[in-house]
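Since every read-out is calculated from the coordinates, none of them should be taken as a lab result. Treat the numbers as computed from the prediction; the structure is a model and nothing was measured. Here the Cβ positions follow ideal geometry from the backbone for every residue, glycine too, while neighbour counts run over all protein chains shown.
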Amino acid sequence: MEPVILVHGGAGNDFDERVPQFRAGVERAAQAGWAVLRAGGKALDAAEAAVRVLEDDPTYDAGHGSFLNANNEVEMDAMVMEGARLGYGAVAGIQRVANPVSVARMVMERTSHSLVVGAGAEQLARSFGVPVCPMEELVAGSSTHLLRPEDRVFRADKAGDTVGAIALDADGLLAVAVSTGGTAGKLPGRVGDSPLIGCGAYADNSLGAAAATGHGEALMKILFSKTACDLLGSGLAAQQAAEQVLELLSRRTGPREAGVILLSPSGEVGSAFSTHHMAHACISVHGMWVRD
Ligand code: GLY
């Protein structure tokens, strides 16, 4: 199988002046994932590596740069899933950890659970030796402008810049990873689509894999990522499946800021978004492209 890495940096309308930054970051993330795949590495390692790059980049609403909640605090959600045995791990509302995606992977691989939240997630991270950091270190980039009082109000229509990556490795295994600081000014304790299986992401080697971005409360309602994978599995081309799942979201929940990247089991790529921008990048043996 020819490996593929596909990465996105979130769907949004309000960051026109930062488009070059968003493009550069997804390119760096795709290269990090590609380095893993080119060396014969596993899809899950590639997807995690790509998402870690975006979590470390203050441009994005994930890890460093996470949006702030209504208490001016960072609470992050992340998940990983692999398509061979439907392995799934996630964290929600985690604080003081720079790379929630890696804690999500620890939940999947090193516990008997699937989703761990809040203080329990941070405690788990500490118990596995993950370094914790002061919350202020995660407040940078896209989150600083949200210190304005008007941005602290929960706005159900405001999407996050959730990041995600899908990888297909040489053994034909699919994996997906996503991470987010959630919506700006969200209620403390609010959990979005990103850590919920089938909502923020899904991977099944027999169907394909999807990673979502956008308004979590709407995405959850149609199990957005699983629905996208089911459309792929029904025989649609990846691009058609991406467009149809967005159309379904709009039809069933109203016009929403949302986006999706999709990878079929054979490495066919699809992407669609309802916003002005969704920086995304892909690398395969055929080369690299970056779009927004
Ligand atoms: N899609 C990210 C969120 O709603 O939290």
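In this label model, Val132 and Ala24 are separated by 3.4 nm, measuring between points 7 Å along each Cα→Cβ vector.
If eta is 0.890 mPa s and T is 25 °C, what Stokes-Einstein diffusion coefficient results for the stretch 1-53, Kirkwood Rh from Cα pairs, in µm²/s?
Numbers: Rh = 11.6 Å.
Diffusion coefficient, whole number: 211 µm²/s.
Taking label points 7 Å from Cα along the Cα-to-Cβ direction, Met1 and Arg38 give a separation of 2.1 nm. Loop-located chymotrypsin sites (Phe, Trp or Tyr not before Pro) across the stretch 37-135 with a Cβ neighbour count of 15 or fewer within 10 Å are Phe128, with loop assigned by DSSP.
Averaging 1/r over every pair of different alpha carbons in the stretch 179-254 and inverting the result gives a Kirkwood radius of 12.6 Å. Between Lys186 and Ala70, the built amide H atoms are under 5 Å apart, and every one of these is 5 or more places off in sequence or on another chain. Counting only Cα atoms, the chain measures 48, 42, 33 Å along its principal axes, largest extent leading.
Take each uninterrupted DSSP H stretch in the chain, measure its Cα extent along the helix axis, and return the ones at 27 Å or beyond whose mean Kyte-Doolittle hydropathy is at least -0.5. List each step's numbers first, then the result.
Numbers: long enough: 19-38 (28 Å, 0.04).
Helix filter hits for the chain: 19-38.
Calculated FRET efficiency, Asn72 to Ala119, Cβ-Cβ distance, R0 = 22 Å: about 0.75 to the nearest 0.05. The residue list His64, Val107, Met79 was ranked by how far each Cα lies along the charge dipole of the stretch 1-111 toward its positive end, using unit charges on Cβ atoms, and Val107 comes out on top.
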